[in-house]
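**Q** Here it is, the structure in full.
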Amino acid sequence: MNNLAIMKGRTRALLTDFRSLAIIIIAVIVCIYISLYGEGETAKQIRIKVVNEDAGTLGAHLVELLNEENYEFSVVSRENAVREVAVNKAQGMIEIAPDFTEKIRKGDYQSLVKVTVMADSYDMTFFTEIVINDIVKVFTEVLIEGKLEDAGVMDEAYREKFRSLATGIWNGESLLDIETFAMEEDAEAEEVNFYGIRWYAVLTMFYLIISGTWMCDYASTGLLKRVVGSGGRISSLFVVQMLPELTVTVLGFVPVLIVSKHPDPGKVLLSFVLYACSTAALALVTCSLSGKFANLILSATVITMAASLFSGLICDIPDWAAIWDKVSGFLPGHWYFNTVCGKPFLLGALIVLVFWFAAGIFTSWSLGIKRGNE
C-alpha cells in the first residue's frame with residue numbers, strides 16, 4: 001500500500017472540494033474578526049454625554065480628565081444629552097453644576113455633578129467611581145494650588161507647569177490604589193476571553209466531521225479486506241488520509257492565533273494540534289456510526305455544539321454548572337480550553353488523543369466486521 005500516493009490523492013481531493021475549504025476560509029476570517037473586534041469591546045464603546053454648566057474653569061478641566069478615561073465622552077447641551085440617553089444613543093450623562101468651580105475652591109462636596117445612567121449598562125457602577133475619582137483629582141489640584149499661592153510661589157507660569165505635572169501623574173495610575181490579598185483561599189481566576197481562537201476550534205470540529213464523508217467507508221468490510229490484503233493497516237491509512245485536512249486547519253489557525261495576541265502562543269499552538277488530532281479521531285467515530293451523509297450532517301451539528309458547549313469553548317461555564325468542567329474531561333475541547341486559560345493540558349490532551357484514536361479505529365473495524373457478516 002503506497003501511503004504517499006494515498007496522501008497525494010487525498011490532498012488533491014481536499015483542495016478541489018471548495019465547499020469544505022470554504023468552511024475553513026470562513027472560519028479564519030470570522031475568528032480573526034472576533035479576535036480583532038470581539039475582544040476589543042471596551043468601555044470606549046460606552047458613550048457618555050457631558051453637560052458642562054460650570055461658570056468657572058474647573059468644569060472644563062474635569063472634562064479633560066474624563067477624556068483620559070476609557071469611555072467616549074462628548075460635551076453637548078442638556079437637551080441633546082437627554083434626548084440621546086432617552087433613545088439609547090448614549091448610556092449615560094453627566095451634568096456639571098453651574099457653581100462647580102466655586103464649590104471646589106471652597107471645599108464643598110455637595111451637589112457637584114449629577115450622573116444619570118441607563119439601568120441596563122453593565123459597568124456603570126465602575127463608571128460612577130471614575131467620575132468621583134476625577135473630581136477628587138480636580139479638588140486635589142486646587143487644594144495644592146491654594147497652598148502654593150499662600151506660600152507666595154504660585155504664578156501663572158508655575159501654575160501651567162504644575163497642571164502639566166499633575167496630568168502626567170493622573171495618567172499613570174488611579175488616584176487611589178489598594179493592594180489586596182486573599183488568605184487561605186484559592187485566588188479567583190482572571191476572566192478568559194480569546195473568543196477568536198476558541199471559536200476557531202469549534203468550527204474546526206465541525207469542519208473535520210462534516211468533511212469526513214470519506215471516513216464513512218471505514219466501516220465497510222470491502223475497504224478492510226483491500227487494506228489488509230495489500231499489507232496495510234486501517235490506523236495508518238486513517239493517519240495518511242487525515243494529514244492534509246489537519247494541515248489545512250493548523251495553517252488556518254496560525255493567523256488567528258497571531259491576531260488573538262495570546263500570552264503563550266507556543267502552548268496554544270501545540271494544544272490546538274493535539275485538539276485537532278483528537279477531533280479527527282472523534283470524527284472517525286462519528287462518520288463510521290453515521291454511515292450516510294444525511295445522518296452525518298445532523299451528527300456533526302449536534303456533536304460540535306454539545307462538545308464545545310460542555311468544554312467551555314462557546315461560552316464560559318457558569319459557577320452553578322462547574323460539574324461540566326469535570327465531566328467534559330474526555331472531550332478534546334476541555335484540554336484546549338485549559339490551555340487558553342493557562343492551565344495544565346498536555347497529559348490530559350495526550351490521553352484523550354489516544355482514547356479517541358483507539359475508539360475510532362475500533363469502531364470502524366467492529367462495524368466493518370459486523371456489516372460483513374450481515
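The values are calculated or read from the model by the stated rules, or taken from the named source; none is laboratory data. Quick caveat: nothing in here was measured; it's all calculated off a predicted structure. Virtual Cβ from ideal backbone geometry, glycine too; neighbours counted across all protein chains shown.
**Q** Say whether the condition of being surrounded by 17 or more Cβ atoms within 10 Å (Cβ to Cβ), at pLDDT 75 or above and assigned to a loop (DSSP other than H, G, I, E, B) is met by at least one residue in region 21-32.
**A** no
**Q** Right, something else. Can you run down the residue pairs with Cβ atoms below 8 Å, 6 or more apart or on separate chains, where the first is in region 76-94 and within 19 Å of LEU62 (Cβ to Cβ) and not assigned by TED's automatic domain parsing to the domain that holds GLU53 and the partner is among the basic types (Lys, Arg) and assigned to a helix (DSSP H, G or I)?
**A** Sorted first by the residue in region 76-94, then by its partner, the list stays empty.
**Q** In the list VAL302, VAL352, VAL340, VAL248, which residue meets the criterion of being in contact with a helix residue (DSSP H, G or I) (Cβ under 9 Å, 6 or more places away or on another chain) and either closer than 14 Å to THR204 by Cα or surrounded by fewer than 23 Cβ atoms within 10 Å (Cβ to Cβ) (or both)?
**A** On the way: VAL302 fails: in contact with a helix residue (DSSP H, G or I) (Cβ under 9 Å, 6 or more places away or on another chain); VAL352 fails: either closer than 14 Å to THR204 by Cα or surrounded by fewer than 23 Cβ atoms within 10 Å (Cβ to Cβ) (or both); VAL340 fails: either closer than 14 Å to THR204 by Cα or surrounded by fewer than 23 Cβ atoms within 10 Å (Cβ to Cβ) (or both).
When all the criteria are applied, what remains is VAL248.
**Q** Could you look through region 311-330, keep only residues that are in a helix (DSSP H, G or I) and more than 16 Å from SER278 (Cα to Cα), and pick out the one that is modelled with the highest pLDDT? Break it down stepwise before answering.
**A** Here is the first cut: in region 311-330, the residues in a helix (DSSP H, G or I) are 311, 319-321, 323-330.
Among the residues that remain, those that are also more than 16 Å from SER278 (Cα to Cα) are: 319-321, 323-327.
Numbers: ASP319: 65, TRP320: 67, ALA321: 66, ILE323: 77, TRP324: 74, ASP325: 72, LYS326: 77, VAL327: 80.
Among those that are in a helix (DSSP H, G or I) and more than 16 Å from SER278 (Cα to Cα), it is VAL327.
**Q** Looking at region 81-132, which of its residues are at pLDDT 85 or above and at positive phi?
**A** Across region 81-132, there are no qualifying residues.
**Q** Another question, then. Does SER164 satisfy being modelled with pLDDT of 60 or more, within 42 Å of the chain's Cα centre (by Cα) and exposed (fewer than 13 other Cβ atoms within 10 Å of the Cβ)?
**A** On the way: modelled with pLDDT of 60 or more: yes; within 42 Å of the chain's Cα centre (by Cα): yes; exposed (fewer than 13 other Cβ atoms within 10 Å of the Cβ): yes.
When the stated conditions are applied, SER164 passes them.
**Q** Output the number of the condition that SER35 fails; it satisfies all remaining conditions of (1) surrounded by fewer than 19 Cβ atoms within 10 Å (Cβ to Cβ); (2) modelled with pLDDT of 75 or more; (3) more than 30 Å from GLN241 (Cβ to Cβ); (4) among the small types (Gly, Ala, Ser).
**A** Result: SER35 fails condition (1) only.
**Q** Looking at region 82-119 only, could you name the residues that are within 25 Å of LYS137 (Cα to Cα), outside any loop (DSSP other than H, G, I, E, B) and small (Gly, Ala, Ser)?
**A** Within region 82-119, GLY92 is the sole residue that qualifies.
**Q** Turning to a different aspect of this structure: Would you say GLY333 is within 14 Å of THR279 (Cβ to Cβ) and surrounded by 15 or more Cβ atoms within 10 Å (Cβ to Cβ)?
**A** Values: within 14 Å of THR279 (Cβ to Cβ): yes; surrounded by 15 or more Cβ atoms within 10 Å (Cβ to Cβ): yes.
Here the answer is yes, as GLY333 does meet what is asked.
**Q** Considering only residues that are modelled with pLDDT under 80 and either in a helix (DSSP H, G or I) or among the hydroxyl-bearing types (Ser, Thr, Tyr) (or both), which ones fall in region 38-64?
**A** Correct list: GLY38, THR42, ALA43, LYS44, GLN45.
**Q** If you don't mind, there's one more thing I want to ask. Among residues belonging to region 283-338 that are touching a residue at least 40 places away in the same chain (Cβ under 8 Å) and among the hydroxyl-bearing types (Ser, Thr, Tyr), point out the one that is nearest to HIS262 (Cα to Cα).
**A** TYR336
**Q** Continuing with this model, one more query. If you take the residues in region 305-330 that are among the β-branched types (Val, Ile, Thr) and surrounded by 15 or more Cβ atoms within 10 Å (Cβ to Cβ), which one is farthest from the chain's Cα centre (by Cα)? So that I can check it myself, show each step before the final result.
**A** Keep residues of region 305-330 that are among the β-branched types (Val, Ile, Thr), which gives 314, 317, 323, 327.
With the extra rule that they be surrounded by 15 or more Cβ atoms within 10 Å (Cβ to Cβ), the set shrinks to 314, 317.
Details: ILE314: 9, ILE317: 13 Å.
Per the criteria, the residue is ILE317.
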